[in-house]
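The values are calculated or read from the model by the stated rules, or taken from the named source; none is laboratory data. Nothing here was measured: the structure is a model prediction, and the numbers come from that model. Glycine gets a Cβ as well: all are built from the backbone with ideal geometry, and neighbour counts include every protein chain shown.
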Amino acid sequence: MSGRREEILDAALDIADEHGLEAVSMRALADRVGVTPMALYRHVKDKGALLDGMLGRLLAALLPSEPPGEQKQNWEERLTALAHASRAVTQRHPWAAQLLFSRPAITPDAVRAVDIIFLALLEAGVPEPEVPRLERMISTFLIGFAASEASGRFAPGSLDPRGRRGQLPDGELPGHGTLAPWLDLPVDLTAEFEADLADIGRLIRAAAGRTD
């Protein structure tokens, strides 16, 4: 990556961190780096290429430093490391989940991240025809959890769970009524994330026909 292009992507990430992804435009970026908008096109051909470059920068942080075949971690450790790195990136950059959802996984770093999951599933013993489906499920979980956490969907908001249920007539939410003692407990999102990862590991072993 050229030094100028790297500077442009750094500036785009800064704008998104400060004002949100919707604030990233070619004009705002040109103002930030002190050039005309037309000068940017020598380094990023359009807004889509800029977003892909930003996505690549984020995904590069998820990739292991060791090349495939030289990593000492087993398949489950590699998937867990990727999951933790994904969550850390979206915690640092809450807008990142929106970008991950909106851009196809076609950039080089995006493809490399998917390949980490492919290789882990193959090493786990998952039959080849099942690998793409499980990769989509794992990726959707990681992005979905990150998006929900970043957007505040998991947060209680201005009303606690009991208060929200109280806005509806009695008996209208029988499932909520049954689970009321559990819904009112404080949510530890880190513990929930780890429990979800453990469930995914069990599903992968089941898909591989293993019970260990």
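If you take the residues of the range 5-39 that are assigned to a helix (DSSP H, G or I), over 27 Å from the mean Cα position of the chain (by Cα) and modelled with pLDDT under 90, which of them is surrounded by the fewest Cβ atoms within 10 Å (Cβ to Cβ)?
Restricting to residues being assigned to a helix (DSSP H, G or I), over 27 Å from the mean Cα position of the chain (by Cα) and modelled with pLDDT under 90, the top hit is 38.
Identify the residue in the range 161-197 that is within 26 Å of residue 92 (Cα to Cα) and modelled with pLDDT under 85 and, among all such residues, is surrounded by the fewest Cβ atoms within 10 Å (Cβ to Cβ).
Among those that are within 26 Å of residue 92 (Cα to Cα) and modelled with pLDDT under 85, it is 186.
Output the number of the condition that residue 97 fails; it satisfies all remaining conditions of (1) surrounded by fewer than 16 Cβ atoms within 10 Å (Cβ to Cβ); (2) in contact with a Gly (Cβ under 9 Å, 6 or more places away or on another chain).
Single failed check for residue 97: (1).
Looking at the range 124-147, can you tell me whether even one residue there is of a type in the set (Lys, Arg), part of a helix (DSSP H, G or I) and either touching a strand residue (DSSP E or B) at 6+ places or on another chain (Cβ under 8 Å) or modelled with pLDDT of 95 or more (or both)?
yes
Just one of the numbered conditions (1) exposed (fewer than 15 other Cβ atoms within 10 Å of the Cβ); (2) modelled with pLDDT under 80; (3) of a type outside the set (A, V, I, L, M, F, W, C); (4) part of a loop (DSSP other than H, G, I, E, B) is not true of residue 73; which one?
Every condition holds for residue 73 apart from (2).
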